[in-house]
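This report concerns only the one structure given below.
No lab work stands behind these numbers, since they all come straight from the coordinates. Remember, it's a predicted structure, so these values are computed and weren't measured experimentally. Positions of Cβ are generated from backbone atoms using ideal geometry, with glycine treated the same way; all protein chains shown enter the neighbour counts.
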Amino acid sequence: MKIDKNTINKIARLSRIKLDDKESEEYINDLNSILDWVEQLNEVNTENVEPLSNISSSILPKREDVSKDSNSSDEILENAPDKLEGFFAVPKVVE
Amino acid sequence: MNNLIKGEKYEWEMVIGLEIHAQVKSNSKLFSSSSTKFGSSPNSQVSLVDAAMPGMLPVINKYCVEQAVKTGIGLNAKINNYSVFDRKNYFYADLPQGYQISQYKYPIVGEGKVTIDFKDGTSKDISIVRLHLEQDAGKSLHDQNPSKTYVDLNRSGVALMEIVSEPDIRTPDEAGMYLSKIRSILMYLNTCDGNMQEGSLRADVNISVRKPGDQYGTRCEIKNLNSIKFIKQAINYEAKRQIEILESGGSIEQNTMLFNTSTGKTRPMRNKEEAHDYRYFPDPDLLPLEISQEEIEKIKLSIPELPDELKNKFIDTYKLSNYDASVLTAEKQTSDYFNKSINSDPELKNHAKIVVNWITSELFSLLKKNNLNLNNSPVSPENLGQLIKLISNNEISGKIAKDVLEVMFSTGKTARQIVDEKGLQQVTDQGEIEKVIDEVISDNPNMVKEYLDGKDKLLGFFVGQAMKKTKGKANPKILNDILKNKLNKEN
């Protein structure tokens, strides 16, 4: 797989990152070299090998269904650039 | 059964599949300890995990996992011992993480099926593709300010079960029945509260149309419908829209639609051209979810009697029709009420059909008129049983029983009390009824003549007059018999 100008623009848009032409070029090179490096793994025969999901062989920790009263709104809204009556206020999202 | 709809030129068949989102009824969220309570002040139930603060790690709620398994069992579905949580990536103001934790390739529950019952006694199976666990998003308010959207994250991270059906549904009614059935199963299992108004249960509808026998057409998805009425309206509108395009030579563009509840129309969502590139990948913060067969068996033991089992039991025990039994079992409160009522007196077992009718027509309409439901009905199941026993024993007529029920409803008195106080016992004494009929006949000589000349309809007039004189208390069958007899003797 090769990353070209179109792909990089698409990824940038999906990630909401603005890239100028110079940056796009840099990222095309960086990402392609990463992909080339990862592609070496294709040389390994993985037929009949279960995908590894976890190197620690631990199991998913679970919690009991207990709710903690957080009364969080002040803390949660502390970093909000704009808020009103306990709500985050964001530029209008029209759908 | 013909499920086709007519266009200008051809007949068309709808092909419909539903994705139902059901909130798990739990105390805390899927990956955090915040409360799930509905209607609290905005952003008061948001932990640092829900707000996606850097460095926070999700820890799964064991109870939510069990509820998903329980629901899977209730949907006759395969439970997967191994499932994986993935990140579904997209940007939206009510999704602070920038991704939703969901399940993609390996859902917790696989294929299942549910049955829907039609009025004519037939039924149909709808296949289920999968059920997976995922996080709910926050809530956005768009209509409070012309330039701002307000965001409340209280719902963010609440556990959802997404139940996906095969495109087995062919009419808007079937879609409604399927959703009702899923809702009913969830409520019997107590895994979701089924409250559509509060959004605990909502659905996305996939719909396409085709000429009968053709391949599936291109489908559109209508998002976020929260009532059965809207689902039917949206399907009808969208099918018509697609048929008009196809018949005028156009083609359907696969699209995500929104339904406007005030105009009854669907329209495509804007800015969605990139939306379907969700770039799913396994969430590196979460290990795969493994459930042993032993745990599944343990959960199986906690499954209560479900609507279909109960329905079959009612059919067997009380000889009810498939449809009556399905109406009775659709909601747990209805079947509970029926059970209590019919078991309040051993004789009622032989009058099950009457009990059903009185619950589903008379009592339901009184409750509806007063904005109540069976759980807070002023008439207890035992008192309704007593009323029905008075009818079946011929102590009061059905017509008077309706009045009695209304008094029971407004005063809370028992049927027996009301009948005794008001002297409403049916008159079954032959002599007494004969006397009344003699009076009616002698009061109306002209009518009698007309009747005898062949105007049969007048029989109703005589019955009415006699009933009036007995204040509605005469046993209608005895009255009718004696009346016909006497009139014919006049001849």
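Couple of notes before you dig in:
- In this structure, the amide hydrogen of residue A:88, modeled 1.01 Å from its nitrogen in the peptide plane, lies closer than 5 angstrom to those of B:151, counting only residues at least 5 positions away or on a different chain.
- Options B:100, B:82, B:20, ranked by Cα towards positive dipole end of the range B:9-163, top entry (Cβ charges): B:82
- The alpha carbon centroids of the range B:164-178 and the range B:4-40 are separated by 12 Å.
- In terms of Cα atoms, the Rg and Dmax of chain B work out to 29.4, 100 Å.
- Rh (Kirkwood; distinct C-alpha pairs) - the range B:430-490, Å: 11.3 Å
- Bridge type composition, the range B:176-325 - antiparallel percent by DSSP, nearest 5: 75 percent
- Comparing B:261, B:367, B:476 along the charge dipole axis of chain B, the residue lying farthest to the positive side is B:476, per the Cβ-charge model.
- Separation in nanometres of the label points that stand 7 Å from Cα toward Cβ, at residue B:285 and residue A:71: 2.6 nm
- Size of charge dipole - the protein assembly as shown - debye, nearest 20, with Cβ of Lys, Arg +1 and Asp, Glu -1, no other charges: 2180 debye
- Neighbour net charge for residue B:204 - beta-carbon separation under 10 angstrom, K R +1, D E -1: -1
- Sorted by Cβ density within 10 Å, fewest first, the residues A:59, B:299: A:59, B:299
- In a simple Cβ point-charge model (Lys, Arg +1; Asp, Glu -1; nothing else charged), the range B:311-351 has a dipole of about 120 debye relative to its Cα centre.
- Local electrostatic count, residue A:26, Cβ distance below 15 Å [Lys/Arg +1, Asp/Glu -1]: -3
- Computed from phi, the 3J(HN,Hα) profile of the range B:404-415 under the Karplus parametrisation 6.51, -1.76, 1.60 (θ = phi - 60°) reads 4, 4, 4, 5, 4, 4, 8, 10, x, 6, 7, 4 Hz, with x in place of Gly and Pro.
- Counting only residues at least eight positions apart within a chain, or on another chain, the lysines with an alpha carbon under 18 Å from that of residue B:240 are B:6, B:9, B:211, B:223, B:229, B:232, B:265.
- Label-to-label distance, nm, for residues given as residue B:394 and residue B:229 (7 Å Cα→Cβ offset): 4.5 nm
- Between residue B:147 and residue B:411, full extension at 0.36 nm per residue minus the direct alpha carbon distance yields a gain of 89.7 nm.
- Averaging the Cα positions of each part gives two centres, and for the range B:95-128 and the range B:238-267 these lie 24 Å apart.
- Sequence of B:463, A:38 once ranked by neighbouring C-beta atoms within 10 Å, starting from the fewest: A:38, B:463
- Residue B:402/residue B:425 FRET efficiency (R0 25 Å; Cβ-Cβ; nearest 0.05): 0.95
- Segment residue B:127-residue B:468, extension gain: residue separation times 0.36 nm, minus the distance between their alpha carbons: 117.0 nm
- The residues B:44, A:58, when put in order of fewest to most other Cβ atoms within 10 Å, stand as A:58, B:44.
- Computed label-point distance, nm, for sites residue A:56 and residue B:457 using a 7 Å Cα→Cβ extension: 8.7 nm
- Check: chain B dipole with +1 on Lys, Arg Cβ and -1 on Asp, Glu Cβ, in debye: 800 debye
- Estimated from helical segments only, the mean residue ellipticity of chain A at 222 nm is -11000 deg cm²/dmol, where each DSSP H run of four or more residues counts as -39500 (n - 2.57).
- Amide proton proximity set for residue B:43, modelled H, under 5 Å, gap of 5+: B:153, B:154
- Selection from A:71, B:248, B:45 lying farthest towards where the dipole of the protein assembly as shown points positive, charges on Cβ: B:248
- Length available on full extension from residue B:298 to residue B:164: 0.36 nm per residue minus the Cα-Cα distance, which gives 45.7 nm.
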